[in-house]
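Enquirer: There's a structure below that I have some questions on.
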Amino acid sequence: MRISQFLIPFVFLFNLFAFSQVASETTPPLDIKTITFKGNTDVSMLPILNLGEPLTLEFDVLNGNEADFYYTIKHFNYDWTPSSLMRQEYIDGFDKQRIVNYENSYNTFQIFSHYMLTIPNDQVRQLKVSGNYMIFVYNEDDELMFSRKFMINEGGANVGVSIKRSRDVTFVNEKQTVDITINSNNIQFTNPKQTVKTSIIQNNNLKSSINNIEPMYTMGNTLTYKYTNETSFWAGNEYFYFENKDVRVANTGVNFVDLQDIYHSYLYTNEVRKHRPYTYNPDINGNFVINTINGTDPNIEADYTYVHFSLASNEFPLNKSVHVFGNFNNYEVNNETKMTYNQNKGIYEGTLLLKQGFYNYKFVTKDESNQVDEGEIGGNFYQTENDYKVIVYYRELGGRYDKIIGLGEASSVNISN
């Protein structure tokens, strides 16, 4: 057999494998901070937009170089494998364009440039179809800096969501179960176990989502999901929070501040809550809001501070690490968020460089298999107020991509038995 005859099927299989890989978000380098995704609110979130709604991506680069950045947008199937659509089928216009809107910081100790990209714009006039998308940001050397996921909903289905206490008596005080009802007057759900997919998301964290659960039963054109375990989440506990919009003085959650090269904010030491009774503590479910009293434009006038976290705890086994956790870095758990145990003080300590504002955070553990446990330090309490979103995907018979046809939302503040 000639070498070329051997290579042809090998190359085909390699390309097929590469094409079907599940896309994951890329973590930015340390000099890119405060990546926010905004839709029709001023709060950074997991963007799930209606078709035609605008989308804004913002981020800071911690230097004054005014570097050039470029972006591309790609479409994906429900499972985040690349869809078969050509670029012109889902974009009206052209991506691979430079991000032209940026401003330099003003009156801050930390110099940075603030970049903003809004879609639609002169280059990307419209995203034409619904489904999963990811935006990729590159530097001028065509190196990938970071990526973020977002979704577009075209509607057509009604999605009812209700939150229940666990039906498994073993976890009745620790878990929350999501019940779902899907129906439509416009779409005939043919073979729904194959054509309808769901994604259930707790507190906007895609990394802990429950995906691809089949309907438990179908009545006419109504799909019902009422499982005991398959749609259950650990309830967790309310987030801690702090506010440092006035960076010069101690504010909510801040014990004291110190000006060195830039300001340092030292938070009060938190304690392990796993074995304590649940206490209601209003939060924004892991999110953050940039804000400052030292100016009118937080985008360029909010400064960066070193925020010092501490947790009073016995030392965990060596195969587990403790991390600061929240949407401030897209729920990443890495070396930057890892805390160090101080034997003399009996506390875990960690420091993050964060922009002024209001932040939710909690402490989590990660084991050798990279499994994150949100309840090992904070505990799991069914009373915890969590937000849930249910995204419904549909691929009609013969269709080439997964549409998003419905979005349902609910809060466990209305939890029932």
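The values are calculated or read from the model by the stated rules, or taken from the named source; none is laboratory data. This structure is a prediction, so every number in the text was calculated from the model and none was measured. FYI the Cβ positions are ideal-geometry reconstructions off the backbone, even for glycines, and counts take in every protein chain you see. These area figures cover heavy atoms from the full protein model, side chains too; ligands, DNA and RNA do not enter into them. Shrake-Rupley method; radii C 1.70, N 1.55, O 1.52, S 1.80 Å.
Enquirer: Could you list, in sequence order, all residues of region 277-295 that are aromatic (Phe, Trp, Tyr) and either in a loop (DSSP other than H, G, I, E, B) or touching a Leu at 6+ places or on another chain (Cβ under 7 Å) (or both)?
Expert: 278, 280
Enquirer: Identify, from the list 233, 242, 309, 316, the residue that is at pLDDT below 95 and either closer than 30 Å to residue 371 by Cβ or aliphatic (A, V, I, L, M) (or both).
Expert: None of the other options fit; the residue is 316.
Enquirer: Which strands (runs of 3 or more DSSP E) sit wholly inside region 296-379 and have at least 2 residues that are among the aromatic types (Phe, Trp, Tyr)? Show your work before the answer.
Expert: Values: elements: 304-312, 321-325, 340-342, 347-355, 357-366.
Those strands (runs of 3 or more DSSP E) span 304-312, 357-366.
Enquirer: Being surrounded by fewer than 16 Cβ atoms within 10 Å (Cβ to Cβ), modelled with pLDDT of 95 or more, more than 16 Å from residue 328 (Cβ to Cβ) and not charged (D, E, K, R): is that true of residue 256 here?
Expert: yes
Enquirer: Name, by its number, the condition in (1) crowded, with 16+ Cβ neighbours inside 10 Å; (2) more than 22 Å from residue 115 (Cβ to Cβ) that does not hold for residue 289.
Expert: With (1) crowded, with 16+ Cβ neighbours inside 10 Å; (2) more than 22 Å from residue 115 (Cβ to Cβ) applied to residue 289, the lone miss is (2).
Enquirer: When you check residue 198 against the structure, is it among the hydroxyl-bearing types (Ser, Thr, Tyr) and either open to solvent by less than 20 Å² (accessible area, probe 1.4 Å) or part of a loop (DSSP other than H, G, I, E, B) (or both), yes or no?
Expert: Yes; evaluated as a whole, the condition is true for this residue.
Enquirer: Let me ask something else. Given the condition in contact with a helix residue (DSSP H, G or I) (Cβ under 9 Å, 6 or more places away or on another chain) and over 27 Å from residue 150 (Cβ atoms), answer yes or no: does some residue in region 172-184 qualify?
Expert: yes
Enquirer: At pLDDT below 95, closer than 18 Å to residue 78 by Cα and not in a loop (DSSP other than H, G, I, E, B): is that true of residue 193 in this structure? Break it down stepwise before answering.
Expert: On the way: at pLDDT below 95: yes; closer than 18 Å to residue 78 by Cα: yes; not in a loop (DSSP other than H, G, I, E, B): yes.
The answer is yes for residue 193.
Enquirer: Is it the case that residue 172 is at pLDDT 95 or above, among the β-branched types (Val, Ile, Thr) and exposed (fewer than 15 other Cβ atoms within 10 Å of the Cβ)?
Expert: yes
Rundown of residues vs (1) among the aliphatic types (A, V, I, L, M); (2) in contact with a helix residue (DSSP H, G or I) (Cβ under 6 Å, 6 or more places away or on another chain); (3) without any contact (Cβ under 8 Å) to a residue 24 or more places away in the chain, yes/no style:
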{"site": "286", "(1), (2), (3)": "no, yes, no"}
{"site": "322", "(1), (2), (3)": "yes, no, no"}
{"site": "331", "(1), (2), (3)": "no, no, no"}
{"site": "344", "(1), (2), (3)": "no, no, yes"}
{"site": "353", "(1), (2), (3)": "yes, no, no"}
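Enquirer: Regarding residue 122, is this residue farther than 30 Å from residue 259 by Cα and part of a strand (DSSP E or B)?
Expert: When the stated conditions are applied, residue 122 does not pass them.
Enquirer: Right, another one. Which one of the conditions (1) open to solvent by less than 60 Å² (accessible area, probe 1.4 Å); (2) over 30 Å from residue 199 (Cα atoms) does residue 150 fail to meet, given that it meets all the rest?
Expert: (2)
Enquirer: Could you tell me which residue of region 40-64 is farthest from residue 129 (Cα to Cα), considering only residues that are at pLDDT below 85 and open to solvent by 20 Å² or more (accessible area, probe 1.4 Å)?
Expert: 64
Enquirer: Considering only region 112-147, state which residues are farther than 27 Å from residue 66 by Cβ and buried (at least 22 other Cβ atoms within 10 Å of the Cβ).
Expert: Selection gives 127, 130, 131, 132, 133.
Enquirer: I've got another one for you. For region 4-16, does any single residue satisfy the condition of being surrounded by 13 or more Cβ atoms within 10 Å (Cβ to Cβ), at pLDDT below 95 and at negative phi?
Expert: Scanning region 4-16 turns up no residue that is surrounded by 13 or more Cβ atoms within 10 Å (Cβ to Cβ), at pLDDT below 95 and at negative phi.
Condition check ((1) surrounded by fewer than 19 Cβ atoms within 10 Å (Cβ to Cβ); (2) farther than 21 Å from residue 204 by Cβ) across all residues:
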position	(1), (2)
229	yes, yes
238	no, no
245	yes, yes
265	no, yes
296	yes, yes
299	no, yes
309	no, yes
322	no, yes
